[in-house]
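A short worksheet on the structure shown next.
The values are calculated or read from the model by the stated rules, or taken from the named source; none is laboratory data. Because the structure is a prediction, the values reported are computed rather than measured. When we count neighbours, we look across all protein chains shown, and the Cβ atoms used for this are built from the backbone with ideal geometry, even at glycine. Each accessible area value is taken on the protein alone, full model and side chains, heavy atoms only, with ligands, DNA and RNA left out. Shrake-Rupley method; radii C 1.70, N 1.55, O 1.52, S 1.80 Å.
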Amino acid sequence: MTYVVTESCINCKHADCVEVCPAEAFHEGANFLVIHPEKCIDCEMCVSACPVDAIFFEANVPLEQKEFVALNAHYATLWPVILHKKPAMPDAEYWHGRSDRRQLLDPVPASA
Ligand code: SF4
Ligand code: SF4
């Protein structure tokens, strides 16, 4: 099993989660973070660190967000590791609490 980043992180990316991860399991896209399922050691530290409750244990991912299990595994192999917190995205406040942003997930890796 692993932990999984879901929709609430899209366009938000506070990145508080990466600071607490002991396994360097987070990978960064242009507007979303994912967890590498083979690096995650299920410590659960990131869950309470995320201010928008975007992270779930794989078995507990809400039904309508199950596709994020595969999306995390896929993009973790393509995007660079992120080790340190960065400023949230400029429009993070606007997106807080909004749903239906799956289509906004940018497949492009974060720029260095
Ligand atoms: S803390 Fe939450 S919203 Fe921020 S980058 Fe991590 S998973 Fe995404
Ligand atoms: S559960 Fe632990 S190891 Fe897995 S991504 Fe979160 S902080 Fe990292």
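For the reader, a short list of remarks on this structure follows.
- Net charge dipole, the range 62-112: roughly 140 debye, given to the nearest 20, about the Cα centre with Cβ charges of +1 for Lys and Arg and -1 for Asp and Glu.
- Residue 14 sits among other residues whose Cβ lies under 13 Å from its own Cβ, and their net charge, with Lys and Arg +1 and Asp and Glu -1, is -3.
- Within the shell of other residues whose beta carbon sits under 12 angstrom from the beta carbon of residue 3, the net charge comes to -2, with Lys and Arg scored +1 and Asp and Glu -1.
- Chymotrypsin sites (Phe, Trp or Tyr not before Pro) within the range 1-44, DSSP loop, no more than 14 other Cβ atoms inside 10 Å: none
- Unit charges at the beta carbon, dipole of the chain: most positive-side option, 62, 8, 110: 110
- For the chain, the 222 nm mean residue ellipticity estimated from helices alone, with every DSSP H stretch of n ≥ 4 adding -39500 (n - 2.57) and the total spread over all residues, rounds to -5000 deg cm²/dmol.
- Heavy-atom SASA rank of 111, 8 (probe 1.4 Å, accessible area, largest first): 111, 8
- Full-extension gain in nm, residue 86 to residue 67, via 0.36 nm per residue minus C-alpha separation: 4.2 nm
- When 58, 24 are compared by accessible area at a 1.4 angstrom probe, the order from most to least is 24, 58.
- The Cβ shell under 15 Å around residue 66 holds other residues with a net charge of -3, Lys and Arg each +1, Asp and Glu each -1.
- Ranking by accessible area, most exposed first, for 85, 13 with a 1.4 Å probe: 85, 13
- More than 22 angstrom apart: percent of Cα pairs within the range 5-112: 19 percent
- The dipole here belongs to the range 3-87: it is taken about the Cα centre, uses +1 on the Cβ of Lys and Arg and -1 on the Cβ of Asp and Glu, and is about 240 debye.
- Those residues of the range 8-33 whose amide nitrogen sits under 16 Å from the label point placed on residue 53, 7 Å along Cα→Cβ: 8-10
- Heavy atoms of residue 6 accessible to a 1.4 Å probe, total area in Å² rounded to 10: 0 Å²
- Those Cys residues of the chain for which no other cysteine Cβ falls under 4.7 Å: 9, 12, 21, 40, 43, 50
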